[in-house]
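Everything on this sheet refers to the single structure shown next.
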Amino acid sequence: MENNHPHHCKELVKQISEYLDEELKGQYLEALQSHLDGCTDCQNVVNSMKKTIELFQIVEENDSIPDDVRQRLFRCLELDDECPES
Amino acid sequence: MDKTDNNPQDPESFSLEALKNGDKTEFARLVNKYSSKIYHLALRILNDPQQAEDVLQETFLKAFRSIGSFEGRSSVSTWLYRIAANEALMIIRRRKPETALVDEKDQDDDEATDETIVTDWCCMPEEELLTNESRKFMDEAIQKLSPALRVVFMLRDIDGLSIKETADALELSEAAVKTRLLRARLSLREQLSKYYHEMHHEVRE
């Protein structure tokens, strides 16, 4: 139970970002993985952080540049002839 | 050699040689591919459409002028993001020179983890997670980050630069990038968790 003490969770939360980036190695990775196996709260933090990043990626992916902004860009670069139709 | 953008077999890649020779069609392809990403990077950092447009134009003007000296140690896209991020951060410095971009706390930050919401909202259907209202909330959430955190989150998580590329682009150590990334991700996760937690309870009531 010692490993699921809230203080332990708080310390491990600091490693979650590196864990998601697959940058956590060796004993740190093993310690976190073994903690996650028995701690639903920390699993939720990992999953929701992953989901948070995904949602921002989806939103940004679908945001396009306004047509007038793009046209002014091509004009200022003297690439008007190359500006694709919207 | 350009690492990722100049594979002639890939229609998404660019010929560095053509760009260096001033090939307008190739440059227009580059502008067309990255203008939206550069614009949104600047818009997120600055939260001001006019200034974001200025950064967008300045980024490609600078790229156009200095492509001859680009050595290709990074990909063209990383190089563009670096120019854009620095242009945007320069505007932030001009706005608030006293707070600039020395991030408030680069040490381990206990504050960010004080109050952790552990509700499991990940299984909510995407149409509930991405309503117009929640998109608006996400816009506000990202603006609540300091510019120093916002730019790291954008470059790493949205534009897909590696930790090292982000560190190079912002002239930070990799350790500083990791610390800021953790704080940005924790803050956004916390804000979204609160939001979805409340939404879920409203729906049930």
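None of the figures in this text is laboratory data; all of them are computed from the coordinates on show. Quick caveat, the model's predicted, so the values are computed rather than measured. Here the Cβ positions follow ideal geometry from the backbone for every residue, glycine too, while neighbour counts run over all protein chains shown.
Here are the numbers:
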| quantity | calculated |
| --- | --- |
| Neighbouring partner chain Cβ atoms per residue of B:172-184, average, 10 Å criterion | 2 |
| Mean ellipticity per residue at 222 nm, deg cm²/dmol - from DSSP H runs of n ≥ 4 across chain A, formula -39500 (n - 2.57) | -21000 deg cm²/dmol |
| Links that overshoot a 32 Å alpha carbon limit, given the list A:Lys50/B:Lys164; B:Lys144/B:Lys164; A:Lys50/B:Lys24 | A:Lys50/B:Lys24 |
| Kyte-Doolittle mean at least 1.0, axial Cα span of 27 Å or more - DSSP H helices of chain A | none |
| Sequence of A:His35, B:His40, B:His201, A:His8 once ranked by neighbouring C-beta atoms within 10 Å, starting from the fewest | B:His201, A:His8, A:His35, B:His40 |
| Cβ neighbours within 10 Å from other chains - mean over A:57-65 | 6 |
| Computed label-point distance, nm, for sites A:Gln33 and A:Asp63 using a 7 Å Cα→Cβ extension | 3.6 nm |
| A:Asp41-B:Glu171 FRET efficiency (beta carbon distance; Förster radius 35 Å; 0.05 resolution) | 0.40 |
| Average partner coverage of B:35-48, which counts Cβ from other chains inside 10 Å | 3 |
| Segment B:162-205 versus segment A:24-61: alpha-carbon centroid distance in Å | 12 Å |
